[in-house]
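**Student:** For reference, the structure I am asking about is given below.
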Amino acid sequence: MFPSTGEVRYTCGMPSTPHRAAPGLSALVLVLALAVPAWAEVPQRAEAASLEPLVERVVTRQLAAYRIPGATVAVVRDGQVVLARGYGDADAGKHTPVVADTTLFRVASLGKLFVWTAVMQLAERGRLDLDADIQTYLEDVRLPATYARPLTLAHLMAHAGGFEVRERLWSEGPPPGTLAEYLRERMPARVRPPGAFSAYSDYGTSLAEHIVERVSGQPFEQYLRENVLEPLGMRRTFFRRTVPPELAADMALGHTVEKGTPRALPLEQVVVASSGSMLTTATDLARFMLAHLQGGQHEGHRILREETVRRMHRQHFSHDPRLSGWAHGFMEFHLNGQRLIGHLGDAYLFHSLLVLIPEHGMGLFVSYNGLGEKDAAQRARMELLLAVLEHDSPAPPSDLPVPTRDFAGRAARFAGAYQTTWRAYHTAEASLGWRQEFRVRDGGDGALLIRRPGHAPRRWVEEEPLLFRPADDPSSPEHVAFREDEAGHITHLFLENHPMAAYERVPWYETSAFTYGLLAVCAALFALAVLMGVLHRSPDTFLVAAIGLLHLLFLSGFTLLVRRHGELEYGDTPWLLGASMSSALGAVVLTPGALAWSARAWWRRSGRLALRLTLTGATLAATAFAAWLHHWHLLGLGA
């Protein structure tokens, strides 16, 4: 399973327009079910020349079917560029064609691979130690010493630095002026020890970018240009938070879909370079892929030693040794019997993918300059990858897995709700963890039923202890692994081909079922309190009605932020969040008075029983809702 990322604010990480990011994990798709197990035998590869008509057929169909205006593609193999071509329009309004060697695409978090390449260069030169405490290299940014274990560059390259993830949905305001200011002002909380679990972090990559600047004594783009881009002949690659006027004419614009037609939007500013600002062409990225596939050199120009490339490409972190994980900065995947490494980029209405198959000397890059209908561009890039893999190495069929005989008696211990580590914990966005929740329950037939967000439950059977695969699709590369603690309690869930996050088991009061139930009951009682305030006009009913009205205003604003954030303007998001929080805070301040009235009314038996029950119910709902708001930092107090 692959992630969506970035947004113009940040990365691979979840997607869409600047300050309009859709929750990344919600957009993830398990189209990898079309692929085959990682241990399948690899057949003879197809001829390289036949790839071009295949790519053209797949991409042109996607652009038409998904309402995506344009794409740029590069395929390399055996030291050669097999294909570098643009498709469709860079600007749908002007019908400007995409040209592979000149049209610049905003490829977002693919730029992180360049940060990690720079880190590996400095490491092989002896100027960086990947296992040293990064505070050694940071004099102007002081990280809190939350844990005894030192935070290292090796941790950052696996996104296992232990940071919470902020700014996935609600903006924290205008971007800071410099990278150092960003690192100081937008510092997320450290919520777990380094190396414990992966949680994709733009902040961690930005720390590495700043370390490159500090150690080299150069601005990051200058270092990169002198040490990577110029040696490889990548003269059309830039790290720019804003697009310079001289490059504007060559830029592909991002597009939404309105009434079935792509609509171009102007480019906006990126917060930090490493997380989303990279502008490049298909031909430039072909050179980068070839350098990594040829032991660190291309056309006689070397950027890394062969042993450094081998070190960078091998797995260094995984939540479970039976699953894919992280190389040094590269995500690791298993598809069609092959091991792939790569990265995704999702920012400002662009969806991109770069993958390498080092064992076969093959690489693919694709970028789409539009979301497509229902964000279909995320699915499109995986469709193209799977088509190329199937063309190059068709996969043999597999047998259906057989349930473990004794599993039925153990199935109940896996049941529960699991939420991603790729989220906030100490800000208002912590309240959105339930939106990315996996529900696991006993299937009653020797299998588990696992429901991921927005999909029907699916049967999984145990293949090895704590390792499961789909019961209905033997060709799927998907696996789910669980982890247990020393007491034997299941604590975490991990997904194959999804190394950027773990899923941790959550208590009942943080689950989606409880959240939906609480919100529904409270909203109904608040609405009833408002009605009673209109029908029975008195100071007491007005107080409870005011509380109900304020909470309903909060719920309306909160729902709008969560469901329609992609349509809100940049300035609207913090304003609407602040107004919603203020309404909730006002209701909470009034709640003690309502509790006092309720106690007095029952003591004196004043008013009709039905009225007392209704208003007391609304008051108790307001009390429970206040506790929920406080738990999720939605009162604006220290959030």
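**Student:** Yes or no: the stretch 618-638 includes at least one residue that is part of a helix (DSSP H, G or I), surrounded by 13 or more Cβ atoms within 10 Å (Cβ to Cβ), modelled with pLDDT under 85 and among the aliphatic types (A, V, I, L, M).
**Tutor:** No, the stretch 618-638 contains no residue that is part of a helix (DSSP H, G or I), surrounded by 13 or more Cβ atoms within 10 Å (Cβ to Cβ), modelled with pLDDT under 85 and among the aliphatic types (A, V, I, L, M).
**Student:** Can you work out which of the residues in the stretch 87-141 that are small (G, A, S), surrounded by 16 or more Cβ atoms within 10 Å (Cβ to Cβ) and out of contact with any Lys or Arg (no Cβ under 6 Å at 6 or more places or on another chain) is farthest from L304 (Cα to Cα)? Even if it seems obvious, please write down each step before you answer.
**Tutor:** As a first pass, look at the stretch 87-141 and keep what is small (G, A, S): 88, 90, 92-93, 100, 108-109, 111, 118, 123, 126, 132.
After this cut, where a residue has to be surrounded by 16 or more Cβ atoms within 10 Å (Cβ to Cβ) as well, the list is 88, 90, 92, 100, 108-109, 111, 118, 123.
From what is left, the residues that are out of contact with any Lys or Arg (no Cβ under 6 Å at 6 or more places or on another chain) are 88, 90, 92, 108-109, 111, 118, 123.
Working: G88: 36, A90: 34, A92: 40, A108: 23, S109: 21, G111: 17, A118: 9, A123: 10 Å.
Going through the qualifying residues, I end up with A92.
**Student:** How many residues are in contact with a helix residue (DSSP H, G or I) (Cβ under 9 Å, 6 or more places away or on another chain) and either surrounded by fewer than 18 Cβ atoms within 10 Å (Cβ to Cβ) or not in a helix (DSSP H, G or I) (or both) if we restrict to the stretch 186-207?
**Tutor:** As a first pass, look at the stretch 186-207 and keep what is in contact with a helix residue (DSSP H, G or I) (Cβ under 9 Å, 6 or more places away or on another chain): 186-188, 194-195, 200-207.
When the remaining residues are screened for being either surrounded by fewer than 18 Cβ atoms within 10 Å (Cβ to Cβ) or not in a helix (DSSP H, G or I) (or both), the result is 186-188, 194-195, 200-201.
Counting residues in the stretch 186-207 that are in contact with a helix residue (DSSP H, G or I) (Cβ under 9 Å, 6 or more places away or on another chain) and either surrounded by fewer than 18 Cβ atoms within 10 Å (Cβ to Cβ) or not in a helix (DSSP H, G or I) (or both) gives 7.
**Student:** Among F542, F514, which is the only one that is closer than 27 Å to S583 by Cα, assigned to a helix (DSSP H, G or I) and either within 29 Å of the chain's Cα centre (by Cα) or among the small types (G, A, S) (or both)?
**Tutor:** Numbers: F542 fails: either within 29 Å of the chain's Cα centre (by Cα) or among the small types (G, A, S) (or both).
Step by step, each of F542, F514 is checked, and only F514 is closer than 27 Å to S583 by Cα, assigned to a helix (DSSP H, G or I) and either within 29 Å of the chain's Cα centre (by Cα) or among the small types (G, A, S) (or both).
**Student:** Six or more apart or on different chains, Cβ under 7 Å: which pairs go from a residue in the stretch 114-138 that's under 18 Å from A148 (Cα atoms) and in the same structural domain as N227 (by TED's automatic domain parsing) to one that's buried (at least 16 other Cβ atoms within 10 Å of the Cβ) and of a type in the set (G, A, S)? Could you list them?
**Tutor:** L130/A123; L130/A154; D131/A154
**Student:** Please state which of the following conditions M234 fails to meet, knowing it meets all the rest: (1) surrounded by fewer than 21 Cβ atoms within 10 Å (Cβ to Cβ); (2) without any contact (Cβ under 8 Å) to a residue 60 or more places away in the chain.
**Tutor:** (1)
**Student:** Consider the stretch 596-622. How many of its residues are touching a Ser or Thr at 6+ places or on another chain (Cβ under 6 Å) and either over 20 Å from R537 (Cβ atoms) or of a type in the set (G, A, S) (or both)? Before you say what the answer is, go through the steps one by one.
**Tutor:** Filtering the stretch 596-622 for residues touching a Ser or Thr at 6+ places or on another chain (Cβ under 6 Å) gives 598, 616, 619, 622.
Still in the list and also either over 20 Å from R537 (Cβ atoms) or of a type in the set (G, A, S) (or both): 598, 622.
Summing the residues that are touching a Ser or Thr at 6+ places or on another chain (Cβ under 6 Å) and either over 20 Å from R537 (Cβ atoms) or of a type in the set (G, A, S) (or both) in the stretch 596-622 gives 2.
**Student:** Shifting gears a bit: Please state which one of L279, L285, L290 is of a type in the set (A, V, I, L, M), part of a helix (DSSP H, G or I) and in contact with a Ser or Thr (Cβ under 9 Å, 6 or more places away or on another chain). Talk me through it step by step, then tell me what you get.
**Tutor:** Working: L279 fails: part of a helix (DSSP H, G or I); L290 fails: in contact with a Ser or Thr (Cβ under 9 Å, 6 or more places away or on another chain).
Result of the check over L279, L285, L290: L285.
**Student:** Right, another one. Please specify each residue of the stretch 437-484 satisfying the condition of being without any contact (Cβ under 8 Å) to a residue 24 or more places away in the chain, within 14 Å of A417 (Cα to Cα) and not basic (K, R).
**Tutor:** Listed by number, the residues that qualify are L449, P457.
The values are calculated or read from the model by the stated rules, or taken from the named source; none is laboratory data. In this text, all values refer to a predicted model and were calculated from it rather than measured experimentally. Cβ atoms come from the backbone with ideal geometry, glycine included; neighbour counts cover every protein chain shown.
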